[in-house]
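Working notes, beginning with the structure itself.
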Amino acid sequence: MVQETGTDLYSGVLRFYTLNDVRRYLKELLERYQKDYDKSSNVIGSLLRTEGGKGMEVIMSKGWAKVGSMFVNVSDPDKGGMEVTFQLVTEMKPRISKTEEVLKTFDSVEQLPVEANSTYLLYLHAGVPERLVIDSTVPPPENFAFKGEFATVQ
Amino acid sequence: MLEVSVMVEGIDATRLNDKATENATSNYSLNVSLSERDRSSEALVLSFSLELTSHPQAAKFKVTGSATLKGTKEEIKEGISAPDDNKPPPILLMIYERIYSTLYVLSGALKVPHPLPNLLKKSS
């Protein structure tokens, strides 16, 4: 299997030890989504420019047939591929906007009164950050430090 | 599975004795310091400093850098915990293993005894 385009979307709960780590994670997430979006939308944009003036018909395939519970395209792979890429780009937009919005308003989360030594549970649904739990019951691990004296041996 | 990457950020190597040769007995003591630089839920970045001094004095090496451990919380904990009081934590062995070839080449260039490849904790 080779991934042609798109984004791996995480659903689950991540624990962070500082709010700064949460912010950094969200920033990296947004950058990754933006990069994937640009890559896919450039493919569509370039095709629309090449086929100038023809509009959406150049990416809408008529070769789809319903087979079982899935649509399958056997007769028009170029347009079929473009159409699914277009669908992907359309789905990416709200994910980017939501993540952008969360990051933009993250200051207000950072201003909340939080007990020292709290940790943070971030819930992501299909790649979108939806909830944050400030957990004062599970402290971050203690800072690791080690000093020792050794001898080199055979 | 725990993934470890080691980045050397500084090396200082000094020949301390004119009469030292590569063939002399190579007893080195090693002072180690590891400290946490950054931590996330799936990674821990440590700063390290390793100072090796040969006995009798022929050479001194100091290597500093960072080691990144990536894995689950349990794997990371296992990586930094010494199995018993006389053994170094696994991460220290990994760091020493990764920088050993550099130390070997440097000691050869300085014409001083080569450090040996394994570590044993000194009794206090």
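Over chain B, what is the relative contact order in whole percent, taking alpha-carbon pairs under 8 Å and six or more residues apart?
32
In the neighborhood of A:Ser97, defined by Cβ-to-Cβ distances under 13 Å, what is the net charge if each Lys or Arg adds +1 and each Asp or Glu adds -1?
Once all neighbours under 13 Å are counted, the net charge is +1.
Residue by residue, what Karplus-based ³J(HN,Hα) values in Hz, rounded to whole numbers, does region A:23-37 have, using 6.51, -1.76 and 1.60 with θ = phi - 60° and x for Gly and Pro?
Karplus-based 3J(HN,Hα) across region A:23-37 equals 4, 4, 4, 5, 5, 5, 4, 4, 4, 5, 4, 4, 5, 5, 5 Hz.
According to the Kirkwood expression over distinct Cα-Cα pairs, how big is the hydrodynamic radius of chain B, in Å? Mind showing how you got there, number by number?
Values: mean 1/r = 0.0655 Å⁻¹.
Evaluated over chain B, this radius sits at 15.3 Å.
Round to the nearest 10 and give me the degree value, 0 to 90, for the angle of helix B:90-110's Cα axis relative to the longest principal axis of chain B.
So the inclination is approximately 30 degrees.
Mind giving me the FRET efficiency for B:Asn27 and B:Glu3? R0 is 30 Å, r the Cβ-Cβ distance, nearest 0.05 is fine.
On the way: r = 33 Å, r/R0 = 1.11.
Calculated value: 0.35.
With an 8 Å Cα cut-off and a minimum separation of 6 or more residues, compute the relative contact order for region A:1-143 in percent. Don't skip to the answer; put the middle values down first.
Details: 156 pairs, mean separation 48.9, N = 143.
Reported relative contact order: 34 percent.
By the gyration tensor of its Cα atoms, with a ≥ b ≥ c the square roots of the eigenvalues, what is the shape of region B:71-118: rounded for a/c under 1.5, prolate for a/b over b/c, or oblate? If you can, show how the numbers build up before the last one.
Details: a/c = 6.38, a/b = 2.36, b/c = 2.70.
Here region B:71-118 falls in the oblate category.
When the C-alpha atoms of the protein assembly as shown are aligned to their principal axes, what extent does each axis show, in angstrom, from largest down?
Principal extents (Cα only, largest first): 84, 47, 35 Å.
Note down the relative contact order for region B:14-82 as a percent, whole number, built from C-alpha pairs under 8 angstrom at least six residues apart.
That works out to 30 percent.
Among the GluC sites (Glu not before Pro) within region B:21-50, which fall in a DSSP loop and have no more than 15 other Cβ atoms within 10 Å of their own Cβ?
Working: sites: B:Glu22, B:Glu36, B:Glu42; in loops: B:Glu22, B:Glu42.
Taking region B:21-50 and a limit of 15 other Cβ atoms within 10 Å, the loop GluC sites (Glu not before Pro) found are B:Glu22, B:Glu42.
With a Förster radius of 30 Å, plug the Cβ-Cβ distance of A:Met60 and A:Gln3 into 1/(1 + (r/R0)^6) and report the FRET value to the nearest 0.05.
Values: r = 24 Å, r/R0 = 0.80.
Calculated transfer efficiency: 0.80.
Every number here is computed from the coordinates shown, using simple stated rules; none is lab data. What you see is a predicted model; the values in this text were computed from it and never measured. Positions of Cβ are backbone-derived with ideal geometry, glycine not excepted, and every protein chain shown enters the neighbour counts.
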